[in-house]
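A.B. asks: I'd like to ask you about the structure that follows.
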Amino acid sequence: MAEAPAEAPPDAAARRAAPRRPTAGFMLRHPARWIALGFGSGLSPVAPGTVGTLWAWLSFVLLQPWLSDLQWLALIAAGTLVGVWACTRTAQHLGVADPGAIVWDEVLAFWLILCLVMPVGFGGQLLAFALFRYFDAAKPGPVRWADGLFKCRPGEPIGWRQGVGILLDDLVAAGCTLVALALWRFTLGG
């Protein structure tokens, strides 16, 4: 009697079945994917991180009249905890430790920036957007350090460490953006 082949672990099965590029159908099949993919903004074929940051900006402006600073901070804190789960699961489903389509990290980080710099006019918000995108994409100094902390080692399965890592470098990029904005305001009185 032949032995049945061992069932592949869920992560391996998900990697084999995962699309090369996430689609709306992929996103709709699991709640973690909705969150991690920024409610669809991460599905952009061009610059998903920038599109996710634009979605964060728009959603902040729309929600700002109804949420106090304390409520924003609570939402960001809860979003971070849920985000570790959502980003981890989505990365596992895609079989990639830090897929570009995951933009929840950009959303949370840019919400944090806007929460802490408001009220500023459109020019100040645009400067915050440009600085954040620079720090997130170029990954200078501390952002590069944070990005490397939780990278998968060869043969290591994608786990919660990668979910934390996905969020961490963007939160550090947010911190760098806030420092740059503070220096700008201090030196130029902006």
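A.B. asks: Taking the inverse of the average 1/r across all pairs of different Cα atoms in the stretch 116-188, what Kirkwood radius in Å do you get? Can you show the working numbers first?
C.D. replies: On the way: mean 1/r = 0.0745 Å⁻¹.
It works out to 13.4 Å.
A.B. asks: All other residues with a Cβ under 13 Å from the Cβ of C176 taken together, and with Lys, Arg as +1 and Asp, Glu as -1, what is their net charge? Write out the running numbers ahead of the final one.
C.D. replies: Values: positive: R133, K139, R144; negative: D136, D147, D169, D170.
The answer is -1.
A.B. asks: In nm, give the distance between the simple-model label positions of W145 and V179, each being 7 Å from the Cα along the Cα-to-Cβ direction.
C.D. replies: Each label point lies 7 Å from its Cα, and together they span 0.8 nm.
A.B. asks: Specify the inter-centroid distance of the stretch 19-62 and the stretch 102-177, based on alpha-carbon positions, in whole Å.
C.D. replies: So the separation of the two Cα centres works out to 16 Å.
A.B. asks: For the stretch 64-181, with the dipole built from +1 on Lys and Arg beta-carbon atoms and -1 on Asp and Glu ones, taken about the Cα centre, which of M118, S68, P99 lies farthest toward the positive end?
C.D. replies: About the Cα centre, the residue reaching furthest to the positive side is P99.
A.B. asks: Let me ask something additional. Treating only the Cβ atoms of Lys and Arg (+1) and Asp and Glu (-1) as charged, compute the dipole magnitude of the chain about its Cα centre; round to the nearest 20 debye. Show your work: numbers first, answer last.
C.D. replies: Details: 14 positive and 12 negative charges, 57 e Å.
Roughly 280 debye for the chain.
A.B. asks: Still on this model: Averaged per residue, what accessible surface does the chain expose to a 1.4 Å probe, in Å²?
C.D. replies: Values: 10030 Å² over 190 residues.
Per-residue accessible area for the chain comes out at 53 Å².
A.B. asks: So, one more: Any idea what the dipole of the stretch 108-190 comes to, in debye rounded to 20, about its Cα centre with Lys/Arg Cβ at +1 and Asp/Glu Cβ at -1? Don't skip to the answer; put the middle values down first.
C.D. replies: On the way: 7 positive and 5 negative charges, 22 e Å.
Rounded to the nearest 20 debye, it is 100 debye.
A.B. asks: Measure nothing fancy, just the Cα-based angle from helix 122-138's long axis to the longest principal axis of the chain, in degrees from 0 to 90, nearest 10.
C.D. replies: Around 40 degrees separate the two axes.
A.B. asks: What net charge is computed for the residues neighbouring A130, neighbours being all others with C-beta under 15 Å from the C-beta of A130, Lys and Arg scored +1, Asp and Glu -1?
C.D. replies: Details: positive: R133; negative: E106, D136.
So the environment of A130 carries a net charge of -1.
A.B. asks: Now, a different point. Please compute, for the alpha-carbon atoms of the chain, the extent along each of the three principal axes and give them in descending order in Å.
C.D. replies: Sorted largest first, the three principal extents are 81, 35, 30 Å.
A.B. asks: Using alpha carbons only, how many degrees (0 to 90, rounded to 10) separate the axis of helix 69-94 from the longest principal axis of the chain?
C.D. replies: For 69-94 against the chain, the angle is about 30 degrees.
A.B. asks: If the stretch 80-144 were replaced by its equivalent ellipsoid, with semi-axes equal to the square roots of 5 times the Cα gyration tensor eigenvalues, what would those be, largest first, whole Å?
C.D. replies: The equivalent ellipsoid of the stretch 80-144 has semi-axes of 26, 14, 9 Å.
A.B. asks: Please give the helix 160-188 orientation as an angle from the longest Cα principal axis of the chain, in degrees from 0 to 90, rounded to the nearest 10.
C.D. replies: 10 degrees
A.B. asks: Could you pull the Cα extents of the stretch 38-119 along its three principal axes, largest to smallest, in whole Å?
C.D. replies: Principal-axis extents of the stretch 38-119 (Cα, largest first): 39, 26, 17 Å.
A.B. asks: Above 15 Å lies some portion of the pair distances; for the stretch 34-86, what is it as a whole percent of all C-alpha pairs? Walk me through the numbers on the way to the answer.
C.D. replies: Details: 754 of 1378 pairs.
Result for the distance tail: 55 percent.
A.B. asks: Here's something else I'd like to know. Please report the carbon-and-sulfur percent of the accessible area for the chain; probe 1.4 Å, protein heavy atoms only, DNA, RNA and ligands left out.
C.D. replies: Working: 7000 of 10030 Å².
The nonpolar share, carbon plus sulfur, comes to 70 percent.
The values are calculated or read from the model by the stated rules, or taken from the named source; none is laboratory data. Everything numeric here is computed off the predicted structure, so don't read it as measured data. Neighbour counts run over all protein chains shown; Cβ positions are idealised from the backbone, glycine included. We work out accessible area using only protein heavy atoms, side chains counted, and drop any ligands, DNA or RNA first. Shrake-Rupley method; radii C 1.70, N 1.55, O 1.52, S 1.80 Å.
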